[in-house]
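Report on one structure; see the data block that follows.
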Amino acid sequence: FNSYVFDLAEFTPAAGKVSLWPKDRPLTYLLDPDPDDPYLKTAPGLFSAEIHSRLTTWLNPLVFGLIALSIAGNARSHREARLHPMVSTMATVLFVRWMGYFSFGKADQSAFFGAMLYVIPIVTILLTAWLFATSRTLELPTHHAERLQALAEAMRQRAIALLPAGLRAWLGIREAAA
């Protein structure tokens with residue numbers, strides 16, 4: 001490994017000084033940044049957004065686990081369930097994650113979205129704790145569950161239609177592709 005196919009030195013700045021974004025800095029630096037930092041001068045909101053993100057991101061696995069447990073508490077047979085619990089869990093988790101991601105994207109411009117980075121996981125934790133305390137389960141509204149079920153069925157039918165007839169027969173899929 002004495003030589004490389006590409007000379008990576010072409011991609012470094014001429015001055016040779018590496019510029020680190022706030023997301024690349026340690027938390028201690030973000031809490032007490034150098035006043036001459038070029039990103040601090042041009043976009044100070046990036047520093048506060050990154051601080052808020054780092055202080056709340058660790059809650060995501062806890063929130064996602066609590067969502068999964070609150071949905072799993074609704075044990076039903078395959079015939080009774082409108083939608084598989086995994087689909088409900090994934091949809092809910094993705095929605096909560098999207099809210100956090102969106103808030104992080106706007107947190108450098110607005111203190112409201114910085115606060116939302118704390119509110120979203122805390123409210124979700126409180127909601128799931130309330131569901132556990134009252135022996136209730138988290139379910140998608142019937143209308144949304146039926147729409148997701150129809151979407152999943154349409155995707156399944158399209159996937160079946162893409163399979164060659166011989167492979168469908170070998171797999172034992174007897175349904176006519178729509």
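The values are calculated or read from the model by the stated rules, or taken from the named source; none is laboratory data. What you see is a predicted model, and the numbers here were worked out from it, not measured in a lab. Glycine gets a Cβ as well: all are built from the backbone with ideal geometry, and neighbour counts include every protein chain shown. Please note that ligands, DNA and RNA were not included when accessible areas were found on the heavy atoms of the full protein model with its side chains. Shrake-Rupley method; radii C 1.70, N 1.55, O 1.52, S 1.80 Å.
If you check residue 146 against the conditions, is it within 17 Å of residue 68 (Cβ to Cβ) and acidic (Asp, Glu)?
no
With the requirement that a residue be aromatic (Phe, Trp, Tyr) and touching a Lys or Arg at 6+ places or on another chain (Cβ under 9 Å), what does region 117-148 give you?
Passing the criteria: only 130.
For the condition touching a residue at least 12 places away in the same chain (Cβ under 8 Å), aromatic (Phe, Trp, Tyr) and on the phi < 0 side of the Ramachandran plot, what is the one hit in 95, 102, 132?
Residue meeting the stated conditions: 132.
Do we find that residue 61 is exposed (fewer than 10 other Cβ atoms within 10 Å of the Cβ), within 17 Å of the chain's Cα centre (by Cα) and at pLDDT 85 or above in this structure?
So residue 61 fits the description; yes.
Have a look at 127, 163, 131 and point out the one that is over 25 Å from residue 91 (Cβ atoms), modelled with pLDDT of 85 or more and surrounded by 14 or more Cβ atoms within 10 Å (Cβ to Cβ).
On inspection, the qualifying residue turns out to be 163.
Return the only residue of 97, 156, 147, 136 being outside any helix (DSSP H, G or I), charged (D, E, K, R) and open to solvent by 70 Å² or more (accessible area, probe 1.4 Å).
Sole residue among the options that is outside any helix (DSSP H, G or I), charged (D, E, K, R) and open to solvent by 70 Å² or more (accessible area, probe 1.4 Å): 136.
So that you can scan it fast, the table gives a plain yes or no per residue for (1) modelled with pLDDT of 95 or more; (2) part of a helix (DSSP H, G or I); (3) of a type in the set (D, E, K, R):
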| residue | (1), (2), (3) |
| --- | --- |
| 51 | no, yes, no |
| 66 | no, yes, no |
| 71 | no, yes, no |
| 75 | no, no, no |
| 89 | no, yes, no |
| 114 | no, yes, no |
| 119 | yes, yes, no |
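In region 32-43, which residue that is in a helix (DSSP H, G or I) and touching a Pro at 6+ places or on another chain (Cβ under 9 Å) is surrounded by the most Cβ atoms within 10 Å (Cβ to Cβ)?
Taking the candidates together, the pick is 39.
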